[in-house]
2 protein chains.
Amino acid sequence: MARNLKLTLAYDGTDFSGWQVQPDLETIQGTLASVIRRLTGENVLPQGSGRTDAGVHALAQVASFATESPIPVENFQKALNDLLPAAIRVLEVSEVAGDFHARKSARAKTYRYRIFRGPVCLPFLARYVWHFPYPLDENTMAQAAGAVVGEHDFTSFAAVDAEKGQDEGEGSNVRTIFSSSWVRQGDELTYSVRGDGFLHHMVRNLVGTFLVVGKGTLQVEDVRRILEARNRSAAGATAPASGLALVSVEY
Amino acid sequence: MARNLKLTLAYDGTDFSGWQVQPDLETIQGTLASVIRRLTGENVLPQGSGRTDAGVHALAQVASFATESPIPVENFQKALNDLLPAAIRVLEVSEVAGDFHARKSARAKTYRYRIFRGPVCLPFLARYVWHFPYPLDENTMAQAAGAVVGEHDFTSFAAVDAEKGQDEGEGSNVRTIFSSSWVRQGDELTYSVRGDGFLHHMVRNLVGTFLVVGKGTLQVEDVRRILEARNRSAAGATAPASGLALVSVEY
């Protein structure tokens with residue numbers, strides 16, 4: 001009988017063309033599928049909690065797949081890690097109910113965006129941050145972050161493409177943000193956002209817009225106006241992928 | 001009149017074919033030379049304090065070069081960093097006496113080798129450590145590290161190749177090690193070694209040998225015996241490049 005397995009994954013997205021499997025491109029989902037095939041002989045496509053774009057990292061992405069393999073659950077983690085590249089690690093494997101689905105069952109997700117504010121960004125950090133050493137009013141950015149908390153139509157912060165949301169919601173662009181805040185620690189300025197779902201590019205577009213506020217070009221009330229406009233062209237530019245990481249998925 | 005400039009550099013060596021310029025390969029020295037050429041129009045090859053191998057990192061490598069460029073010293077750092085890839089950063093630029101030479105003037109160097117001992121190594125750390133989760137007697141390794149302190153002929157720990165030392169010493173394989181020790185911090189076991197110079201592969205061969213001691217296959221006294229043997233085949237295997245970093249160079 002098929003078992004349903006839940007994987008928790010960390011990855012350095014720098015050298016991958018995002019989560020979603022694509023022909024002739026190295027993706028997280030594609031790499032994982034090929035390793036599962038080597039291990040179990042089965043052709044399965046693990047379903048992620050959502051897509052991450054090229055260059056975006058994950059501290060604890062969740063994926064699920066059904067398997068008929070007799071391999072004990074407790075052996076899956078080491079067996080997968082032995083076959084995966086060091087840039088992808090399986091942190092946990094557990095058996096879950098048959099109706100568990102990494103994407104459809106997700107209730108909340110947390111993303112983190114790291115900005116490095118110092119003059120010189122060490123090479124060992126560069127893959128995981130956006131290096132932005134120019135002046136910013138960080139207090140105003142903190143206020144702007146608070147303005148998006150709650151249930152809103154986030155069309156203004158969604159990618160202008162035919163794609164559905166990152167979480168492939170049912171066509172609606174309404175999402176609820178539970179928390180949204182900036183924290184400064186040393187030379188790092190980090191944005192954390194927790195919500196019931198996110199549209200494609202939404203976190204990076206929020207960060208890009210908060211930066212325009214930080215520069216003084218927009219005010220906090222403009223963020224509320226942009227939200228109401230439901231028009232992507234009203235918001236700031238998309239922040240670079242390197243600073244973004246999917247931190248956790250709640251079920 | 002030509003000025004002599006001293007550069008302090010950090011780099012993530014993972015995606016480079018080492019320090020030394022080589023045709024058709026991306027190296028640190030080659031990348032730096034091409035960026036200096038773009039900036040000053042001059043064809044100069046910056047001299048490093050020593051070579052680092054493919055995959056080896058630097059926290060503060062030192063290089064020097066002569067330039068006739070009128071660019072003020074205080075502008076060099078930002079100008080070079082604007083042109084360099086994020087994997088290489090110039091930390092400092094200063095004007096030094098005409099007879100300063102990054103390699104020949106060096107009096108001491110410190111290297112660090114990081115081993116990750118936990119069961120799963122996060123992707124964000126994997127480029128900078130050797131993941132070795134198997135049993136080791138770390139106390140015995142600490143004793144073995146102490147056994148190489150002092151002036152010794154390190155032939156047993158040099159690469160078996162026609163190349164001279166990493167520091168291109170005068171053909172002698174005698175070096176003085178000032179300190180050599182292991183420190184455990186959380187899941188990381190780190191070897192630090194400071195000496196007046198190092199032969200090609202010497203730190204990685206020392207680490208490989210200390211690991212054989214940690215496994216119990218060799219004893220501390222065997223390390224002294226291997227040193228005296230002056231024969232590379234007596235020592236352990238070369239530890240992987242990823243764990244090694246040049247920490248500092250003293251003048």
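Looking across the stretch B:1-10, the residues that are at pLDDT 95 or above and either in contact with a Phe, Trp or Tyr (Cβ under 9 Å, 6 or more places away or on another chain) or in a loop (DSSP other than H, G, I, E, B) (or both) come down to B:N4, B:L5, B:K6, B:L7, B:A10. Give me the residue from the stretch A:109-120 that is part of a loop (DSSP other than H, G, I, E, B) and within 14 Å of chain B (Cβ to nearest Cβ) and, out of that set, surrounded by the most Cβ atoms within 10 Å (Cβ to Cβ). Of everything passing the filter in the stretch A:109-120, A:V120 is surrounded by the most Cβ atoms within 10 Å (Cβ to Cβ). Taking (1) of a type outside the set (S, T, Y); (2) buried (at least 18 other Cβ atoms within 10 Å of the Cβ); (3) within 14 Å of chain B (Cβ to nearest Cβ) in turn, A:A158 satisfies each apart from (3).
A search for C-beta distances below 7 Å between a residue of the stretch A:26-42 that is assigned by TED's automatic domain parsing to the domain that holds A:R89 and any residue that is of a type in the set (A, V, I, L, M, F, W, C) and part of a helix (DSSP H, G or I), counting only pairs 6+ apart in sequence or on different chains, returns A:V35/A:L80; A:V35/A:L83; A:R38/A:L83; A:L39/A:A79; A:L39/A:L80; A:L39/A:L83; A:E42/A:I36.
Within the stretch A:35-48, if we keep just the residues that are not in a loop (DSSP other than H, G, I, E, B) and not small (G, A, S), the residue that is surrounded by the most Cβ atoms within 10 Å (Cβ to Cβ) turns out to be A:I36. Scanning the stretch A:49-108 for residues that are within 14 Å of chain B (Cβ to nearest Cβ), exposed (fewer than 14 other Cβ atoms within 10 Å of the Cβ) and within 13 Å of A:L5 (Cβ to Cβ) yields A:E74, A:N75, A:E92. Among the residues of the stretch A:67-97, just one is among the hydroxyl-bearing types (S, T, Y) and either farther than 19 Å from A:N43 by Cα or not assigned by TED's automatic domain parsing to the domain that holds A:L39 (or both), namely A:S94. If you check A:L25, A:L7 for being away from chain B (no Cβ under 14 Å) and more than 14 Å from the chain's Cα centre (by Cα), only one passes: A:L25. Residues considered: A:G236, A:G171. Of these, the only one that is in a loop (DSSP other than H, G, I, E, B) and surrounded by 21 or more Cβ atoms within 10 Å (Cβ to Cβ) is A:G236. Residues in the stretch A:215-224 that are of a type outside the set (V, I, T), surrounded by 14 or more Cβ atoms within 10 Å (Cβ to Cβ) and assigned to a helix (DSSP H, G or I): A:D222, A:R224. Selection of the stretch B:51-73 for residues being in contact with a strand residue (DSSP E or B) (Cβ under 7 Å, 6 or more places away or on another chain) and not in a strand (DSSP E or B) yields B:T52, B:V56, B:V73.
The values are calculated or read from the model by the stated rules, or taken from the named source; none is laboratory data. Since the structure is predicted, the reported quantities are computational estimates derived from the model, not experimental observations. Note that we place each Cβ from the backbone using ideal geometry, even for glycine, and neighbour counts take in every protein chain shown.
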